[in-house]
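Everything below concerns the one structure shown next.
The values are calculated or read from the model by the stated rules, or taken from the named source; none is laboratory data. The structure displayed is predicted, hence computed values, not measured ones. Counting neighbours? That spans all protein chains shown, and the Cβs are built from the backbone with ideal geometry, glycine included. For the accessible areas, the whole protein counts, side chains as well, though only heavy atoms, and no ligand, DNA or RNA atoms are used. Shrake-Rupley method; radii C 1.70, N 1.55, O 1.52, S 1.80 Å.
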Amino acid sequence: MDSPRQANNREPKRSQNRTSNPPQKDAYARLLNQHCSSKFRLYMEQYAKDTAFQREGSEPSTLLKAQSDRQNIPQRKRDQVSNDFSDSSDFSPSSMKSKGEESSLSLYMEKLSTRGAQQDCERKQGVSDRQRWGQRRDTATSQDGDVESGEELGSLKPNESKKHQKQQKKTKESNKDVTSKETDSFVGRPQSPNTAGTSGQEQEKVKRSKKKKLLRQPEEEKSGEETLQSAVDTQMSRPKSPHGKEKKLQQPRASSANYPADKSKNRGPRGSKKQVFESYMTLEEVSHGLKRGELIEGQLRINPKKYHEAFIPSPNDTRDIFLDGIVARNRSLNGDIVVVQILPREQWKVVRSDTEGEGTSESETQKENMVQTAQKRPHSIVEDQCSDQDELIRKLQNTTLTETGKHLEDPSTPRPNGEVLQKTAKVVYIVEKKHSRAVTGFLKFLPDKPFAMFSPVDHRVPRINVLLDNCPEDFTSRPGDYTNTLFICRITNWAADSNFAEGQLAKTLGQAGEIEPETEGILIEYEVDFSEFSDEVLNCLPKNLPWTIPAEEMSKRRDLRKECIFTIDPATARDLDDALSCKRLPDGNFELGVHIADVSYFVEEDNALDTIASQRATSVYMVQKVIPMLPRLLCEELCSLNPLTDRLTFSVIWKITPEGKILSEWFGRSVIRSCVKLSYDHAQSMIDAPEKMFSAEELPPADPEHPIDEIHQAVLNLHAIAKNLRGQRFSGGALRLDQLKLSFTLDKETMMPQGCYVYQYRDSNKLVEEFMLLANIATAHHIYKRFPQLALLRRHPPPKAKMVDELQELCDQLGIDIDLSSAGALNKTLNTALGDDEYTTARKEVLTHMCSRPMQMALYFCTGELKDEKLFKHYALNVPLYTHFTSPIRRYADIVVHRLLAYSLDCGPRLGLSTEEVQKQASRCNDRKTVSKRVQELSSELFFGVFVKDCGPLDSEAMVMGVLDQSFDVLVLRYGVQKRVYCKSVAGLDSFHHRKVGKKSELTLVWTSEDPEKAPVEQEISIFTLVEVQLKADGAPMKYSAVLKRPEENES
């Protein structure tokens, strides 16, 4: 998704508007324009104006009194002015606490108006925006990615300058001109409309004039309330002492803090400050609450598109539980394990039950770095397709219903209009801070402040105050020198009474936009340990080099050095941890072997090497480098199955028929000598040319003991058996959801991208995969049978039933004959339901993306921790037991499995592990595997951003993957990347119209005709529509956007 700071492709008209009348991001003005009621708007304007007059002794207008009486706003509430709204969502459910005696609608209106009054006061309080929040930046071009809201949620300080208070009337008048584009869920205009209003009502004229003045950024397709708080949306949590308990949420409410009598409040760090966040429950309270079912534990996920929205999984596998705003999150960050308390039913959220609104866009880290989650879950944000206005009205309708006492239906039951209730909650305790609390970002100088403001690139992390003493020495005298400097900052504290976190700069990375500083920032932010291994760790390695296998060890193992064994890996691979062999037997069957590097021989349990390996848990593969789990002496030398070298291995050897039926099986420690290192390309060329006689020059150096023809025949036999095994697997109900993967060619000296291409998954890849799966399945059965309480296995839960049902309904409406009843049924229809033409592959990729959303993440677990054996099943593979055995050089889970296997075979030491310890390690492996995958994706996105900048613009066909009400997502076919196109940013577009029938969402784009004599050109956008896009670099470093190209007029 495009960053809010990256829009180069604005229309000229928009640029003029922004230049001549820069938008003041005023919460009052923004939310006001989202209401279609002119009476409501008139009332709000008058009320905010009179609020300012009251501070000067003026009385409210007659209109205001009359309106407020009709709206049932108590006089004592009208006299109050909000001091501090830390949750800038429009109507946080948690803000309803202890307000039951008042109308929720009234409170909401009061919150809007008091916030507007507060902001206008702030703008004239003697502290400039720059002083308060750092240098102002345009949201479209801000290089650090902060979404400036104009309301930084700081405490208002009325005592700073009385003379500025007297200017509030003037400010109020000027704020009438501060407007935002009023969106409509059916019609939008990306350019300023020239039509004049025809209504006779004065309010409607005002409404239309406001619509002409300011066009919102495409990113403001996000809700208006989201933009208000995105700069500080997800904030750090520091658990307090268990003794500091407080059960009720200390919600910032309207108070009289702005009156002269209350000048001492919120004055500074030494004055009494209002509590912004609720104190955490004690561990004892949490334990009791979890046991009684009053509290729920889960992992927090924050919507990368709408930072005020967060979710945790529902324990009964229904719709996720919603957390609205930063106050509800209570300083927890994305990925943290939290305990939440469900809010009262009348505060639950009304959402549309739509599959296509679940975040069907590209990996959002092309806009920001997502923080890791221990379990990758499908995006469950089902509101994205709703317009801001619809969302606001729905909340008000829901509140009104509950206030009138109308019975609310069961949350899982869709309403007649397709809407359902979603439970909401608030965080009351943080079990584990999974988020690293380290972020990359930029430093802002604040005049007359003892601290600088650190603005994270990841908008879901709060802005951070950094003491000037912790900043570079010349930062205060030459702050401009650091405008484009990327820093790492670590959050050190965030008090419950503060809107901002506190932190310390950890490192200066370098200039933003350069690959190495950006890469280092990613690694630090995701807590990837890329430091050199310590001497204590290196002392665990063999000392006498070159190392040879001791004779004593050789005698304990099966000697396979004379066999024709070889590796097949990517051409650039240096950590070769698996090899294959295939020998025809006299009876026509085959002896087939999978041979895995015996890493556990070198990594002894509980020494320093084992400790660091268990902490890293996995190697991390980036475009230009690998961060290894183990020292390179092991990864690339002693454990790597390099050719023509004796190596220690763990082998699984089967006697198998040509059809793939297993007749016998053997596990054991062995010694091999690989005869050749084949790449996937080499193996593929052998498969493609079965009759060809390959010369020595066409292949890497090989052992003369095994002629090239013997190796070629072994590859062909493996391929034939693999095809049979694969066919049996899929006919037996397995599923494979392939996703496109981008690969790069790099300059050998600069390591900069020279080219990129979509990686081709071919028969040689499938060959290796099939036998790795076979070995993993066999090992899982073996260790579980021997250690039913200790086995480390890998399970894959089935997809979420509700999301599957919604997807089925959508596919039915799209005319796609798809069967989602089982993994096997889905796999079959994915390969048969999409026609047979040049775009079949693209349609399959789009449908695969849609089908991946309900899917859950596969997880490591200890069998002793799960009592129900049915939960062990791997859904996608459709097997009862599965584990990881085949990659111990790069995965710690495989080392644990090797130890279990060795002990079960009486060829390894006794394990000193308990069920709890195995489960703890399994959880660690889950966390780091997810992080590794995310970092790999970020690295790829980083390099592609550089490639677009250096080689772009890039033209390509694209296929629509999902349609929202003001934007749509496309798969760029040439490069396999996913991007979101915002209708309001499309140059040349006159208007757009959104319509929805059931689950099917469509847009009609109306293009201004290039020939004034011709009618406008209409373009229909729905799932599977083909469009032309151009990828262009944005102004911000490493960022790019997809620009929709005008369709040919004869296509209309």
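For the range 1004-1033 and the range 550-596, write down the distance between their C-alpha centroids in whole Å.
What the calculation gives is 58 Å, centre to centre.
What ranking of Glu536, Glu309 comes out by heavy-atom accessible area, probe 1.4 Å, highest first?
Glu536, Glu309
May I ask for the distance between the Cα centers of the range 700-727 and the range 463-490, given as a whole number of Å?
With the range 700-727 and the range 463-490 each reduced to a Cα centre, they are spaced 59 Å.
Percent of accessible area on the range 886-996 owned by carbon and sulfur, 1.4 Å probe?
Carbon with sulfur: 47 percent of the solvent-accessible area.
Which value, in debye to the nearest 20, describes the size of the charge dipole of the range 919-1007 about its Cα centre when Lys and Arg Cβ atoms bear +1, Asp and Glu Cβ atoms bear -1, and nothing else is charged?
Dipole of the range 919-1007, to the nearest 20 debye: 640 debye.
Taking every alpha carbon pair in the range 644-708, what does the distance histogram look like in 10 angstrom bins from 0, in percent?
17, 32, 39, 12
Once a ≥ b ≥ c are taken as the square roots of the eigenvalues of the Cα gyration tensor of the range 588-633, is the result rounded (a/c under 1.5), prolate (a/b larger than b/c) or oblate (a/b not larger than b/c)?
Note, shape of the range 588-633 comes out oblate.
Would you mind estimating how fast the range 535-667 diffuses translationally, via Stokes-Einstein at 25 °C and 0.890 mPa s with the Kirkwood radius over Cα pairs, in µm²/s?
Translational diffusion coefficient: 147 µm²/s.
Once you compute Rg and the Kirkwood Rh from C-alpha atoms, what is the Rg to Rh ratio for the range 899-995? Spell out each step's value before the answer.
Working: Rg = 24.0 Å, Rh = 18.4 Å.
My calculation of the ratio gives 1.30.
Under a 1.4 Å probe, what is the accessible area of the range 790-863 per residue, stated in Å²?
38
Using the Kirkwood radius over C-alpha pairs as Rh, can you work out the diffusion coefficient of the range 797-864 via Stokes-Einstein at 37 °C, viscosity 0.692 mPa s, in µm² per second?
Estimated diffusion coefficient is 252 µm²/s.
Over the range 694-783, calculate the relative contact order: mean separation of alpha carbon pairs under 8 Å at least 6 apart, over the residue count, as a percent.
On the way: 43 pairs, mean separation 20.8, N = 90.
The value is 23 percent.
What ranking of Val846, Val431, Val626 comes out by heavy-atom accessible area, probe 1.4 Å, highest first?
The ordering from most to least exposed comes out as Val431, Val626, Val846.
How large is Rg over Rh for the range 832-966, taking Rg from the Cα atoms and Rh as the Kirkwood inverse mean of 1/r across Cα pairs?
1.10
Take the range 435-547, compute every pairwise Cα distance, and split them into 10 Å bins from 0; I just need the percent in each bin.
Whole-percent P(r) values from 0 Å outward: 13, 39, 25, 12, 7, 3, 0.
Quick one, what does Rg over Rh come out to for the range 450-489 if you take C-alpha atoms and the Kirkwood Rh?
0.95
Taking only the alpha carbons of the range 914-967, what extent do you get along each of the three principal axes, in Å, biggest first?
57, 33, 16
For Leu644 and Arg561, calculate 0.36 nm times their separation in residues minus their Cα-Cα distance, and state this gained length in nm to one decimal.
28.9 nm
Kindly report, to the nearest 10 Å², the accessible surface of His898 as traced by a 1.4 Å probe over protein heavy atoms only.
So the heavy atoms of His898 present about 0 Å² to solvent.
Measure out, as a whole number of angstrom, how far apart the alpha-carbon centroids of the range 756-792 and the range 797-841 sit.
26
Please report the accessible area of Lys661 (heavy atoms, 1.4 Å probe, ligands and nucleic acids excluded) in Å², nearest 10.
Counting only protein heavy atoms, Lys661 exposes about 130 Å² to solvent.
Could you give the semi-axes, largest first, of the ellipsoid that matches the range 716-760, computed as the square roots of 5 times the alpha carbon gyration tensor eigenvalues and rounded to whole Å?
36, 15, 6
Could you work out the local net charge near Thr618, counting Lys and Arg as +1, Asp and Glu as -1, over the other residues with Cβ closer than 14 Å to its Cβ? Before the final figure, lay out each step's value.
Numbers: positive: Arg616, Arg794, Arg890, Arg891, Arg924, Arg928, Lys929, Lys933, Arg934; negative: Glu527, Asp529, Asp575, Asp577, Asp894, Asp927.
Neighbourhood net charge equals +3.
Please give the per residue volume of the convex hull enclosing the alpha carbon atoms of the range 871-949, rounded to a whole number of Å³.
136
Determine the relative contact order of the range 879-942: mean sequence separation of Cα pairs under 8 Å and six or more apart, normalised by residue count, in whole percent.
Numbers: 26 pairs, mean separation 12.5, N = 64.
Reported as a whole number, the value is 19 percent.
Ranked highest first by the average count of other Cβ atoms within 10 Å around their residues, in what order do 590-603, 986-999 fall? Show your work: numbers first, answer last.
Working: 590-603: 23.9, 986-999: 17.6.
Ranking the peptides 590-603, 986-999 by packing returns 590-603, 986-999.
If the viscosity is 1.002 mPa s and the temperature 20 °C, what translational diffusion coefficient in µm²/s does Stokes-Einstein give for the range 717-840 when Rh comes from Kirkwood over Cα pairs? Don't jump to the answer; show the numbers that get you there.
Details: Rh = 18.3 Å.
Reported coefficient: 117 µm²/s.
For the range 456-607, what % of the accessible area comes from carbon and sulfur atoms, probe 1.4 Å?
Solvent-exposed carbon and sulfur of the range 456-607 make up 46 percent of the total.
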